[in-house]
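Taken together, the values in this text are just the output of simple stated rules run on the coordinates, not laboratory data. Please read all numbers here as calculations on a predicted model, not as lab measurements. Glycine gets a Cβ as well: all are built from the backbone with ideal geometry, and neighbour counts include every protein chain shown.
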Amino acid sequence: MNRTQKGAWYSLACFTILLGLVVWWTVQLFVMKERPGGVSRYIAMLGYLAVLASGWWLRKKQSRHEPDADERDKMIKKKALTAATTSLVLIVASLLLYMYIALGPDYSIPVWALVILSFGIGYLVLAVYSVTVLFQYGRGGIDGEK
């Protein structure tokens, strides 16, 4: 497994952990009608620290002579970046259209909501990039070659 694949798996793991935390906090806020605190705050902190501490896995090479990337890796990254950029444009356009239709032209959005939306869109686009990278590596035969 090369560095690009490690990075993609790491991004998907981070996305999954953060998605779980967001779902839990949403249930607490809107279903249980209470603010996140106590044990859930410590669980979130431990999850965040686990994500940060596991970042060393990305930096570790299999050997000292392993190149950072070859031509195939660069091509895969370029295609994944194209897919991620396309998804970014589609997500932002559909979100803006939805907000315009649902809220109307005279409604203002709080700043904190824009920050949350920006981070959410960023993590979603990163997940698209990671899935695209893993899909392209998975299409090959032995060692990812055709």
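For the chain, calculate the relative contact order in percent as a whole number, restricting contacts to Cα pairs under 8 Å that are 6 or more residues apart.
Contact order relative to length: 44 percent.
Using a Förster distance of 35 Å, how high is the FRET efficiency between Arg72 and Leu46, based on the Cβ-Cβ distance and rounded to 0.05?
Efficiency at R0 = 35 Å is approximately 0.40.
Please work out how much length the chain gains when fully extended from Leu114 to Leu21, using 0.36 nm per residue of separation minus the C-alpha to C-alpha distance, in nm with one decimal.
On the way: separation 93, 0.36 × 93 = 33.48 nm, distance 1.89 nm.
That works out to 31.6 nm of additional length.
Lys pairs in the stretch 3-144, Cα-Cα under 27 Å, at least 8 apart or on separate chains: how many?
14
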